[in-house]
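Asker: Input: one structure, supplied below.
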Amino acid sequence: MKLWKKTAWILSFALLTGIFDPAPGPGTVSAASATRDKLNQTQKEKENLENELDKTQDNLDALEGKRDTLQKELEYLNGQLSQVVANLEELERQMEEKEAEIAATQEALQEAKKKEAEQYATMTAVIRCMYEQQDDNYLTILLTSGSFSEFLNLADRIEKVAAYDQRMLREYEENRILIEEHEARLQEDRQALEKLQVQAQEEKDKVSGMISQTSSAISKYGDQISSAEKKALDYEAEIRKKEEDLEYLKKKLAEEIAKSQAAANGAWRDISEVSFAEGDRRLLANLIYCEAGGEPYEGQVAVGSVVMNRVLSSQFPDTVVGVIYQGGQFSPVASGRLDLALASDKATERCYQAADAAMSGVTNVGNCVFFRTPIDGLSGINIGGHVFY
């Protein structure tokens with residue numbers, strides 16, 4: 001853009017000083033004045049459009065920064081959600097294990113209660129029998145005993161049986177109490193797990209809601225970026241239209257043609273002498289996409305050839321990056337479209353094929369170092385929607 005402004009002021013100065021017409025005839029002054037006025041007016045309009053384009057580009061940069069920040073936040077939230085889901089699944093697994101353990105404990109408890117009840121019934125029956133028939137029992141034992149020592153032995157045996165029954169009853173009671181305590185602890189554990197499960201579900205819902213909001217915000221910024229990009233394209237088209245309407249364009253074209261001829265007659269390197277940097281292929285392919293994405297393959301190769309011709313010519317920078325980002329040379333650079341394309345690598349496979357062909361030394365436009373949409377009075381090699389010169 002600086003090159004265009006500088007060229008416009010040089011032309012204005014030339015018109016004012018009569019450099020292009022050292023011997024003006026009648027009416028030449030008024031014609032030059034009209035041309036100068038038209039040039040100045042159009043130049044101002046063009047500068048205003050360029051200022052708006054700069055503002056739009058700044059807005060694009062800000063929007064992209066916000067979108068990138070939100071994208072990182074979304075990645076973080078997705079990571080959090082994955083962790084919460086994993087925790088929730090682990091809690092559900094623990095709940096299933098705890099439920100199975102509680103069920104087994106309750107079954108064991110029922111069995112323990114059953115054994116305790118049976119033992120208690122047995123003990124009750126034995127004690128009742130002993131108390132109700134105690135005299136008769138001991139008399140019967142005495143009468144049926146062969147001796148007093150045998151009587152004592154039988155009596156001792158009866159007491160041992162009663163003591164064993166009592167001990168077994170106590171063991172059953174203690175076992176039942178232990179199982180009941182274990183069941184109570186399991187129930188407490190289950191309640192704690194249920195609370196954790198509720199908390200995990202709440203956290204999952206919260207993170208899911210934040211992800212939804214962030215995704216919506218990213219989508220909103222995406223829409224705003226698309227709108228800003230369209231606005232940039234509109235400004236770019238308006239600037240191009242202003243340039244085409246200018247008498248200055250003819251002068252600019254004359255300069256470009258002169259530079260093209262100087263390049264053709266100047267020193268050229270061989271493609272084998274070029275050292276390509278990492279990223280040159282992607283950069284060239286995306287420039288081809290921006291300049292000739294809708295053109296046939298031959299037109300895409302031609303755009304790539306122009307870039308490589310400049311790299312080989314002594315009249316231009318000697319690197320792909322230097323050529324593409326040289327001030328005021330490629331409109332997608334000025335409008336920011338190239339940066340947008342590079343951000344998501346919009347270049348198609350054909351664009352990459354065209355870049356590879358050009359970088360290997362293939363050219364279908366000879367030594368041409370300029371191209372533009374055709375206009376009256378400009379001759380060159382016509383391919384697709386461009387003329388190369």
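The values are calculated or read from the model by the stated rules, or taken from the named source; none is laboratory data. Note that the structure is predicted; figures quoted are calculated from it, not measured. We place every Cβ from the backbone using ideal geometry, glycine too, and count neighbours over all the protein chains shown. Calculation scope for accessible area: heavy atoms of the full protein, side chains included, ligands and nucleic acids excluded. Shrake-Rupley method; radii C 1.70, N 1.55, O 1.52, S 1.80 Å.
Asker: For region 261-389, which whole percent of the accessible surface, found with a 1.4 angstrom probe, sits on carbon and sulfur atoms?
Answerer: 48
Asker: Can you tell me the accessible area per residue over region 234-353, all protein chains present, probe 1.4 angstrom, in square angstrom? Walk me through the numbers before you get to the answer.
Answerer: Numbers: 5360 Å² over 120 residues.
Normalised by residue count, the accessible surface of region 234-353 is 45 Å².
Asker: For a distance above 18 Å, tell me the whole-number percent of Cα pairs in region 290-340 that qualify.
Answerer: Values: 427 of 1275 pairs.
Summing the P(r) tail past 18 Å for region 290-340 gives 33 percent.
Asker: Quick one: net charge around PHE276, please, counting Lys, Arg +1 and Asp, Glu -1 for every other residue with C-beta under 15 Å from its C-beta. Walk me through the intermediate numbers first.
Answerer: Working: positive: ARG269, ARG281, ARG282, ARG310; negative: ASP270, GLU273, GLU278, ASP280, ASP318, ASP356.
That sum, taken over residues with Cβ under 15 Å, equals -2.
Asker: I would also like to ask the following. Which whole-number percent gives the relative contact order of region 233-389, counting Cα pairs below 8 Å spaced six or more residues apart? Please list the in-between numbers first.
Answerer: On the way: 198 pairs, mean separation 45.8, N = 157.
Computed over region 233-389, the figure is 29 percent.
Asker: A further question on this structure: Rounded, prolate or oblate: which fits region 222-332, taking a ≥ b ≥ c as square roots of the Cα gyration tensor eigenvalues, rounded meaning a/c under 1.5, else prolate when a/b beats b/c?
Answerer: Values: a/c = 2.22, a/b = 1.25, b/c = 1.77.
Oblate, since a/c reaches 1.5 and b/c is not below a/b.
Asker: How many nm is it between the label spots at THR122 and ASN364, if each spot is 7 Å from the Cα in line with the beta carbon?
Answerer: 10.3
Asker: Excluding ASP356 itself, what net charge comes from residues whose Cβ is under 12 Å from its Cβ, given Lys and Arg +1 and Asp and Glu -1?
Answerer: Residues near ASP356 contribute +1 overall.
Asker: Counting only other residues whose beta carbon sits under 15 Å from that of ALA285, what net charge do I get with K and R as +1, D and E as -1?
Answerer: Summing Lys and Arg as +1 and Asp and Glu as -1 gives -3.
Asker: Let me ask another. In Å³ and rounded to a whole number, note down the convex hull volume per residue for the Cα atoms of region 254-385. Each step should come with its number before you reach the end.
Answerer: On the way: hull volume 13.3 nm³, N = 132.
Convex hull volume per residue, Cα atoms: 101 Å³.
Asker: Ok, one more. Short version: ³J(HN,Hα) in whole Hz for each residue of region 358-375, in order, from phi by Karplus 6.51 cos²θ - 1.76 cosθ + 1.60 (θ = phi - 60°), x for Gly and Pro, what are they?
Answerer: 5, 6, 8, x, 6, 9, 10, 10, x, 9, 4, 10, 9, 7, 6, 5, x, 9
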